[in-house]
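What follows is one structure encoded as structure tokens, with my remarks underneath.
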Amino acid sequence: VGNLTLWPLVGALRASLVRGGPQRFLGSLLRPFSGSWLYRAFFVLLGARYLAQEVYRRLHPAPMPAEIECTHIEDADLTAAVLQAGCPDTVFTRLAQRGYNQLFSLQVVTYKLRLENLPPQFRGFTLLQLTDIHYGEFTSAEFVRRVVEMSLEMSPDLIVLTGDYQTYRQDIEVVAGLLAPLGEWSRRKRDGAGTLAVLGNHDRFDESPAPVTDALERAGIRVLHNEHVALQRNGARLYIAGVADPWSQHADIRLALHGIPAGSCTLLLAHVPDYLVTVSQYPVDLQLSGHNHGGQIKLPVIGHVVVSSRYNRRYAEGFHKMAGTLMYAGNGLGGHPPIRWGAKPQIVKVVLV
């Protein structure tokens, strides 16, 4: 859970400050090689790596990409409505009732993006990103139902889902049923190509993506596994590609882009923001990701607390650019664990101009 390099740092500090002080801890590293020595050295190196990444991130903050023309944030807090409709009585929902958990404090965030390769016929094309629902016993079906209802009321050209629909296997059928109106809308209004999805790291059970894929596709939602679809408008095409979950090492960007003509405008769905490092070597205009939940808990001065990334907190949230690829890491909708503070759940609307 959380930043996998933060915990080794905490462990090293605990060892140095609590168990005999820094001198005893550092002195233990000078002892002859042993299993316990290797354990201590490993944690020290990971902690040092975390500190180095954090220093680099602060010295080289990512500038706001020039492609972003406009940003608008609208609060659509669903806390009162969700609690009134009834939801599991847990410590997390009780914290939400008292205002100490922003798990249901929804925001609708709108961005206008300028993409150089966008065909003129697709100017004004709108898409919504929903990600990281993490539906489970500690979350609310009413919250997901209302998010789906709001998304359909916006009537976008495309809705994309970028993974982690549930936390545990037993909940996939329930959340697929809650998402089914998106599939029905896709079939009736967008010829079956209105809602597209990829899987996240919580969507593979026993190393198989089949249960989640099957549940979503029975709900009318097409799942992209290292493949793409072409959306057509007045003779022009916009390509939407999707890769398998990069976290599980099954993503294949070459296969996903195979057959897309050079110079085309391509959007990529990839659950993990870290995948930008790979994607930036290919002709992808925009990558949409989730996974990091916007840090989930974002404290003053300290910043993002829960970030699962090889690159520390650099891709915790927002827009980043590498080479010719723009990437957006969405806050997502749920929480794992189910608590948020300073990183509210979001529906993200992107308007291409």
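Considering the range 312-330, and only residues there that are in contact (Cβ under 8 Å) with a residue 60 or more places away in the chain and open to solvent by less than 10 Å² (accessible area, probe 1.4 Å), the residue that is nearest to residue 163 (Cα to Cα) turns out to be 330. The residue pairs whose first member lies in the range 257-278 and is polar (S, T, N, Q), whose second member is modelled with pLDDT under 95 and crowded, with 16+ Cβ neighbours inside 10 Å, and whose beta carbons are closer than 8 Å, counting only pairs six or more residues apart or on different chains, are 278/246. For residue 348, state whether it is open to solvent by less than 30 Å² (accessible area, probe 1.4 Å) and under 21 Å from residue 50 (Cβ atoms). So residue 348 does not fit the description; no. Only one of 116, 142, 69 is part of a strand (DSSP E or B) and acidic (Asp, Glu). Can you tell me which? Going through 116, 142, 69 in turn, the sole match is 69. Could you list, in sequence order, all residues of the range 46-78 that are touching a residue at least 12 places away in the same chain (Cβ under 8 Å) and over 23 Å from the mean Cα position of the chain (by Cα)? Within the range 46-78, 46, 47, 49, 51 qualify. Scanning the range 147-174 for residues that are open to solvent by less than 10 Å² (accessible area, probe 1.4 Å) and over 18 Å from residue 271 (Cα atoms) yields 147, 148, 151, 156.
Residues of the range 255-311 that are assigned to a loop (DSSP other than H, G, I, E, B), β-branched (Val, Ile, Thr), open to solvent by 20 Å² or more (accessible area, probe 1.4 Å) and touching a strand residue (DSSP E or B) at 6+ places or on another chain (Cβ under 9 Å): 260, 305, 306.
The values are calculated or read from the model by the stated rules, or taken from the named source; none is laboratory data. Just so you know, these numbers come straight off a predicted model, no measurement behind them. Counting neighbours? That spans all protein chains shown, and the Cβs are built from the backbone with ideal geometry, glycine included. Ligands, DNA and RNA are excluded from the accessible area calculation, which covers all protein heavy atoms including side chains. Shrake-Rupley method; radii C 1.70, N 1.55, O 1.52, S 1.80 Å.
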